[in-house]
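Peer 1: Take this structure, written in structure tokens, and hold onto it; I'll ask about it next.
The values are calculated or read from the model by the stated rules, or taken from the named source; none is laboratory data. On a predicted model such as this, the values are computed, not experimentally measured, just so you know. In this analysis, Cβ positions are derived from the backbone assuming ideal geometry, glycine residues included, and neighbour counts consider all displayed protein chains.
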Ligand SMILES: Cc1ncc(COP(=O)(O)O)c(C=O)c1O
């Protein structure tokens, strides 16, 4: 079917709140390229929002999933467990930098991972509250909606939100929140709303994802760790978007050396198969009763097979090395754009978790979301999928596979450059 025919079906049958505004329909894809239903080729700088760090349909992953399909598709792991789940738990425990030896629970999505992290933190501490951050994004289930630090569009139609969720400022000096101010804000939240005695966990992304790709300073993460230690609060680090090689290390928190009590991950964990994980210290993870955690599909055999293959690919193809090199290339190109374009500023990257900001001037820092929208629109016309994000909608974020071929990377970056020029940046 053509894009136009599929669009008609979408308009007629898909709920408005769930329908993509994109009138192109994906047909097939490989690594960093995708073809739509009309055969138009697109370069993919979105990677399904950070899911495809090793590219669309990595052959090793496809092969592993096919082999699994020939053996076993489902039992519900609480009814009868299987090899993939426990082997993946072992792998995750070996690489995830939580304190001490880690134990694992698998789930289906990022939001579900955060839900379970909060459940586990409550069970482990006997306390109720969670403190999250402005600009943070954790999902679209009820608890995670309440935890998001951006009300529209995630919460606005769906209240009331669950209680016991409090918020503190995230350090974004470019937009007026210094590290000190963020720490003062956190102290105030703990004074005014959520005292340590009631706070089970502080939940944060080491690099804000939807909130704008702002990395938290190492010293901020260290101080949050200390606040948690001093007050018997668990530190939950949400690496759903920043994990699995997106920042040049397996997990973004490794850049700081800080070890959380619980970490959540999903997205690039299984190259597009739906799976997520909650990894925490043994004691914390073992704190809830029998059959208190799980779900029919959690850690499905096919998703586990994909995730195990992803680990092999990371090793065999030096994905972290590729990620670091891609980060360097983006950094150099962004510095050039910052010089070249009047409205491009605050270019930043932690590895290839990279972004640029569109602002009225380099003095005012006033966000220009309309310019970001114009650039992504132009890019789309020219055959590039490019995403904006951020509290102000003025950040362009780059989430191309780290396995992208040099030639295609160049072609994509040239399209961004032309789009910036034509949109008046
Ligand atoms: C940091 C972070 N946490 C949680 C989520 C929610 O993940 P999911 O959409 O798989 O529920 C996202 C999704 O973008 C995310 O970026």
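Peer 1: Among (1) within 28 Å of residue 257 (Cβ to Cβ); (2) more than 16 Å from the ligand (Cβ to nearest atom); (3) not in a helix (DSSP H, G or I), there is one condition residue 28 misses while meeting the rest; what is its number?
Peer 2: Just one mismatch for residue 28, condition (1).
Peer 1: Out of curiosity, is residue 136 assigned by TED's automatic domain parsing to the domain that holds residue 264 and within 11 Å of the ligand (Cβ to nearest atom)?
Peer 2: Answer is yes for this residue.
Peer 1: Same structure, new question: Hey, can you tell me all the residues within the stretch 189-234 that are more than 25 Å from the chain's Cα centre (by Cα) and either in a loop (DSSP other than H, G, I, E, B) or within 16 Å of the ligand (Cβ to nearest atom) (or both)?
Peer 2: 193, 194, 195, 232 - these are the residues of the stretch 189-234 that are more than 25 Å from the chain's Cα centre (by Cα) and either in a loop (DSSP other than H, G, I, E, B) or within 16 Å of the ligand (Cβ to nearest atom) (or both).
Peer 1: Another question, if that's okay. Given the structure, is residue 243 within 16 Å of the ligand (Cβ to nearest atom), farther than 20 Å from residue 98 by Cβ, in contact (Cβ under 8 Å) with a residue 12 or more places away in the chain and buried (at least 17 other Cβ atoms within 10 Å of the Cβ)?
Peer 2: Spelling it out, it is not the case that residue 243 is within 16 Å of the ligand (Cβ to nearest atom), farther than 20 Å from residue 98 by Cβ, in contact (Cβ under 8 Å) with a residue 12 or more places away in the chain and buried (at least 17 other Cβ atoms within 10 Å of the Cβ).
Peer 1: Just need a number here: residues in the stretch 253-275 that are within 10 Å of the ligand (Cβ to nearest atom) and either within 20 Å of residue 324 (Cα to Cα) or crowded, with 24+ Cβ neighbours inside 10 Å (or both).
Peer 2: Counting residues in the stretch 253-275 that are within 10 Å of the ligand (Cβ to nearest atom) and either within 20 Å of residue 324 (Cα to Cα) or crowded, with 24+ Cβ neighbours inside 10 Å (or both) gives 5.
Peer 1: Kindly indicate whether residue 181 is more than 12 Å from the ligand (Cβ to nearest atom) and without any contact (Cβ under 8 Å) to a residue 60 or more places away in the chain.
Peer 2: It is true that residue 181 is more than 12 Å from the ligand (Cβ to nearest atom) and without any contact (Cβ under 8 Å) to a residue 60 or more places away in the chain.
Peer 1: For the condition without any contact (Cβ under 8 Å) to a residue 12 or more places away in the chain, within 18 Å of residue 390 (Cα to Cα) and within 16 Å of the ligand (Cβ to nearest atom), what is the one hit in 153, 173?
Peer 2: Just a single option satisfies the conditions, and that option is 153.
Peer 1: Of everything in the stretch 31-59, what is out of contact with any helix residue (DSSP H, G or I) (no Cβ under 6 Å at 6 or more places or on another chain) and within 16 Å of the ligand (Cβ to nearest atom)? Give them in sequence order.
Peer 2: Listed by number, the residues that qualify are 46, 47, 48, 49, 52.
Peer 1: Select from the stretch 90-114 the residues that are in contact (Cβ under 8 Å) with a residue 24 or more places away in the chain and in a helix (DSSP H, G or I) and list them in ascending order.
Peer 2: 91, 92, 93, 95, 110, 111, 112, 113, 114
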